[in-house]
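Input: a single structure, listed below in structure tokens.
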Amino acid sequence: MFSDSFSEHIVALTEHDNHKSVKKRLSFLMIEVFQNIVRHGGQEEKSNDFFGVRSIEDSLNIFSSNRINKKAHEFLSSKLKELNKLNADQLKTLYKEILQSGQFSDKGGAGLGLIDMARKSGNPIQHNFEPLENNDFQFNYQLDLSSERGVELTKHQKINIEDNIQSYNDINDNDLVFFFKGDFSKNNTQSLLNILKANTQTYSKNEEFNNFRIFHSGVELIQNIARHGKSVNEYIEGVFCLFRVNSGVYICTGNSLKTGDYSTMEMHINKINEYSKDDLNKVYLETLKKNALNDDVKAGVGLIDVRRYNQSFIDYEINNKDNGLYLKMGVFIPIYK
Amino acid sequence: MADLGDTIIEFNEDKGLLKISGISMMEDALEFYVETKSKIDGFLSSSATNLTIEFELTYFNSSSAKQFIQILTKLEGDKGNAIWKYPKDHSIMHDRGKELEILVDVPFEFIAI
């Protein structure tokens, strides 16, 4: 299930220097697509709604998937067929006609929202319907846009919607809740944390301990990437994902390491994993005390916290990648009933 | 962009009260608390009054913990005291305050709100 509150954080996350000229259109379209899920998406506890944004060289795409009923299927399939045949001028004319005739409703009965999306993306709307039980359909659609205004993308610049559907299915199969691959420099990190916060925040007493541990572990691991990740042209590429597993969640991260961090990192993690449960609280206090008054070192207790609150080991792997070292880290966070 | 929580710092020099509230999770806490620390130094060197630091946080990360130790250490030697307000039922925030108390020689008062 999606809540409306994090659309602005998602938008902030995709702000990228390469795409400055499309920023406005992208934000508009993302909010439009995202809110369509909130408005029309499945209300069931385990609805398979999905929202994603990908940027590939000079093209961007927004992919969305949600369950719809038979009536919506009939409307959308005929409307999309019709709209995809129209050029920019024809879409503009149609948009004006509908506005003037006043035949639109809150639910967008005349397809005004679709026309607007088609106009702003400047490309045909890729779509696909998968039949589900009870005459429902899974509605997948994708908006493609070029980083240059009004430019229609060539076939090889676009990702085929089938490709995104495949990624979406993989994500669903793995119970992935959230996946982000991109820049982990300061501003983006803050947006990521806001998304994490929005999704781990409940006010019930029983969940407080679980929410704290998920959020805190995410904060420390994400900020570790920002601190230790290799920066290329002020861009720190990294991966963060959170998925559901039996009786808990699993958080994992990936990033290239700055040179020289290999042995420090390996020793640091091994040492933390060797401490016994009883030792961890003591080690937290000792380390914090030792590092607190020295501005040249970090607090150094982030991973200790992750390990002591979750009572899990820090899984990690360091590989060679692109003439450098790549660190993958993961931690299981048990959810207590 | 509005964040889900900001760190709010209020320094009332007349009352000798510094309040840190909200959520403290910035990546570079050192940079964030530079100004606060120099204000504390200024206050302690020019005022005869003791300083009370009141924390009312719903969350803080590890780099903030380090800054809190630095801030609290300034009160050592009978220069002030700390008040740790934590959300009622939030045992972790209570315990995380207790851990700070252990590390500094400053009187702490704990208040559930």
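The numbers here are math on the coordinates, done by the rules we state, and not lab data. For clarity, every value in this text was computed on a predicted model and none was experimentally measured. When we count neighbours, we look across all protein chains shown, and the Cβ atoms used for this are built from the backbone with ideal geometry, even at glycine.
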Per residue, what volume in Å³ does the convex hull of the Cα atoms of the stretch B:61-106 enclose? 64 Å³
Debye equation applied to the C-alpha atoms of the stretch A:193-335, log10 I(q)/I(0) at 0.13 Å⁻¹: -0.61
Distance in nm between pseudo-label sites at A:L285 and A:S101 (7 Å out along the Cβ direction from Cα): 7.6 nm
According to the square roots a ≥ b ≥ c of the eigenvalues of the Cα gyration tensor, what is the shape class of the stretch A:254-329, taking rounded for a/c under 1.5, prolate for a/b larger than b/c otherwise, and oblate for the remainder? oblate
Taking alpha-carbon centroids only, the stretch B:73-105 lies from the stretch A:228-292 a number of Å equal to 26 Å
Restricting to Cα pairs under 8 Å and 6 or more apart, the percent relative contact order of the stretch A:177-334 works out to 25 percent
Below 26 Å, Cα to Cα, which lysines can A:K85 reach? Residues fewer than 8 away in the same chain don't count. A:K24, A:K70, A:K71, A:K96, A:K107, A:K120, A:K155, A:K158
Could you tell me the extents of chain B's C-alpha atoms along the three principal axes, largest first, rounded to whole Å? 37, 31, 23
I need the shape label for the stretch A:161-247. Rule: rounded when a/c is under 1.5, else prolate if a/b > b/c, else oblate, with a, b, c from the alpha carbon gyration tensor. oblate
Can you give me the Rg/Rh ratio for the protein assembly as shown, using Cα atoms for both radii and the Kirkwood formula for Rh? 1.03
What size of dipole, in debye to the nearest 20, comes out for chain B about its Cα centre when the only charges are +1 on Lys and Arg C-beta atoms and -1 on Asp and Glu C-beta atoms? 180 debye
Quick one: if the Förster radius is 51 Å, what FRET efficiency do A:V239 and B:A48 give, using the C-beta to C-beta distance and rounding to 0.05? 0.40
From fewest to most C-beta neighbours within 10 Å, the residues A:V177, A:V33, B:V104 line up as A:V177, B:V104, A:V33
Can you order the peptides A:280-292, A:80-92 by their average number of other Cβ atoms within 10 Å per residue, highest first? A:280-292, A:80-92
What's the FRET efficiency of A:N319 with B:T73 using the Cβ-Cβ distance as r and R₀ = 41 Å, to the nearest 0.05? 0.50
